[in-house]
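The values are calculated or read from the model by the stated rules, or taken from the named source; none is laboratory data. All values reported here derive from a predicted model rather than from experimental measurement. Please note: Cβ atoms are built from the backbone with ideal geometry, for glycine as well, and neighbour counts cover all protein chains shown. Note: areas computed on protein heavy atoms with side chains; ligands, DNA, RNA excluded. Shrake-Rupley method; radii C 1.70, N 1.55, O 1.52, S 1.80 Å.
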Amino acid sequence: MQKYQNVVNGELAEPVESHKIFNPANGDLLGLAPISTENEVEQAVSAARDAQLAWARRSDKERAEITARIAKVLEENSEYLANLITREQGKPLSGPGSRFEMQACVGWTQGPASLELTPEVVYEDDERKDTLHRVPLGVVAAIAPWNWPLMIAIWQIIPAIRMGNTVVLKPSEYTPIATLEMVRLINQVLPPGVLNTITGDGRIGSKLTSHPDIDKIMFTGSEATGRRIIEASTHNLAPITLELGGNDAAIVLPGTNAGAIAEGLFWGAFLNMGQTCACIKRLYVHEDDYEAVMSSLGNIASQMTIGDGTDENVLIGPLQNKMQYEKVRELVADARANQCDVREFGDTPDKGYFLPVTLVGDINDGQRLVDEEQFGPALPIVRYRDLNAAVASANRLPAALGASVWADDPATAAETASRLEAGTIWINQHGAIHPMVPFGGNKASGYGCEFGLEGLKAVTQARVISLKK
Ligand code: NDP
């Protein structure tokens with residue numbers, strides 16, 4: 001059976017302990033993933049520490065070139081890694097699935113490779129000149145989730161190493177294999193110690209985030225874990241970039257042509273079977289347009305083939321894990337018990353964590369499927385009469401990662417967008433992130449920005465050189 005290994009100081013580490021990883025589409029055993037010991041966490045952090053100064057001393061140009069070489073490695077290995085993602089995470093190869101995830105990995109590596117943070121003269125007069133430099137923080141702990149395991153790991157590690165930090169990455173215990181393979185491949189073009197991994201569950205994660213030698217924490221995951229990580233950081237005072245997911249609302253303005261927006265709404269909600277931080281998780285539709293939107297979405301849903309994502313015709317795969325599968329089932333059961341209009345689409349295979357594409361109408365604010373982040377293929381569609389009330393509904397929850405407004409006329413949409421509280425408000429699209437455009441949550445969705453120049457700044461600290469003339 002294939003055994004996967006951590007990379008520490010540029011070497012594959014022989015695991016002391018391991019656990020079995022299964023394919024969520026059929027329960028097949030994929031291989032053995034290591035479980036790091038506390039001692040291995042020490043070794044990984046110390047390798048990253050030892051490598052950091054020399055890495056930071058390399059010229060900016062050289063680090064940019066090496067980052068561009070990483071993008072090439074990802075491109076060359078994308079079919080191999082996409083296949084591993086599909087078998088481990090579940091998202092299909094086709095459509096906005098694992099090949100799409102690999103394209104994103106390449107794009108979010110090329111982005112930072114092409115950017116530069118130049119020193120900025122912040123003040124100058126006859127007596128002084130003050131220049132702000134951005135210097136690396138040191139060793140970055142990156143904690144990645146299981147929904148987009150490679151793409152989110154890339155979001156964390158690439159800006160960090162581009163700016164002269166070194167990294168210890170912990171993938172989710174649900175999806176370590178493809179990530180370990182990606183890190184092994186990336187290490188072919190990096191000096192030893194710049195990018196290391198540890199594996200295991202939250203306990204090993206907390207050893208890393210509370211380690212006194214960590215200088216920055218990058219985290220994407222649940223709000224509960226985010227809070228634990230803030231507590232852990234009291235041991236090292238590391239600044240944190242926290243991306244805690246959301247419960248994104250989308251509002252369709254009255255009179256909008258349902259057919260024209262249905263596909264965008266559909267993939268905005270069901271991308272990666274809804275297991276995406278910035279997916280549409282609540283849809284607000286004017287009562288006069290409600291049936292048209294429901295039936296347009298239903299038409300698209302009924303065309304989806306659900307199954308094992310290695311089949312090129314499949315566009316909807318299984319949920320990644322049992323915990324998530326049970327959570328979504330429970331929320332849909334709650335909606336059904338409350339007489340909501342539950343419409344299910346697609347034949348689901350008998351084996352695996354498959355759920356039908358589910359539209360849930362006749363549902364209101366305050367019901368569990370609306371108020372709790374479902375993170376799965378069940379979309380609540382809430383009728384509204386008054387647009388102001390819909391805006392208030394969209395803003396009423398603590399989560400505030402993304403939101404969107406859909407309209408035939410983008411100008412009217414812009415006015416409504418300006419009243420929504422979220423890190424990004426999209427118009428006539430949802431979750432349309434880009435490597436050059438800053439992305440981050442407001443309110444309980446976390447803090448700190450990723451992507452673009454803001455993302456690079458987040459993995460540096462400011463240092464001022466103040467000159468007396
Ligand atoms: P978690 O937040 O628990 O997991 C995310 C990552 O954090 C994983 O690598 C996990 O490790 C790690 N982790 C867990 N506990 C700690 C800790 N104390 N210190 C450091 N790292 C830790 O998410 P879950 O997998 O439990 O999913 C629960 C819910 O979170 C989902 O239903 C969904 O609503 C939301 N979620 C949001 C995501 C997003 O993109 N924003 C991504 C994933 C989940 P391990 O998995 O190995 O325990």
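Given the criterion modelled with pLDDT of 95 or more and closer than 28 Å to G202 by Cα, identify the matching residue among A54, A13, A71.
A13
What strands (runs of 3 or more DSSP E) completely inside the range 1-59 contain at least 2 residues that are surrounded by fewer than 19 Cβ atoms within 10 Å (Cβ to Cβ)?
11-13, 17-22, 29-35
Being of a type in the set (V, I, T), touching a Pro at 6+ places or on another chain (Cβ under 9 Å) and modelled with pLDDT of 95 or more narrows it down to one of I186, I229, I214, I198, so name that one.
It is I198.
Restricting to the range 414-469, what's the tally of residues that are β-branched (V, I, T) and in contact with a helix residue (DSSP H, G or I) (Cβ under 8 Å, 6 or more places away or on another chain)?
5
What are the residues in the range 77-111 that are more than 22 Å from G268 (Cβ to Cβ) and open to solvent by 10 Å² or more (accessible area, probe 1.4 Å), if any?
N77, S78, E79, Y80, N83, R87, V106, Q110
Quick one: would you say V342 is farther than 24 Å from L93 by Cβ and touching a residue at least 12 places away in the same chain (Cβ under 8 Å)?
Yes.
For a quick check of your reading of the model, give me the residue pairs whose first member lies in the range 212-227 and is within 20 Å of T166 (Cβ to Cβ), whose second is more than 7 Å from the ligand (Cβ to nearest atom) and open to solvent by 50 Å² or more (accessible area, probe 1.4 Å), with beta-carbon atoms closer than 8 Å and at least 6 apart or on different chains.
P212/H235; D213/S46; D213/R49; K216/P239; I217/P239
For every residue, the table says whether it meets (1) within 16 Å of the ligand (Cβ to nearest atom); (2) open to solvent by less than 50 Å² (accessible area, probe 1.4 Å).
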{"site": "L271", "(1), (2)": "yes, yes"}
{"site": "A278", "(1), (2)": "yes, yes"}
{"site": "K281", "(1), (2)": "yes, yes"}
{"site": "E287", "(1), (2)": "no, no"}
{"site": "Y290", "(1), (2)": "no, yes"}
{"site": "S295", "(1), (2)": "no, no"}
{"site": "G307", "(1), (2)": "no, yes"}
{"site": "T310", "(1), (2)": "no, no"}
{"site": "P318", "(1), (2)": "yes, yes"}
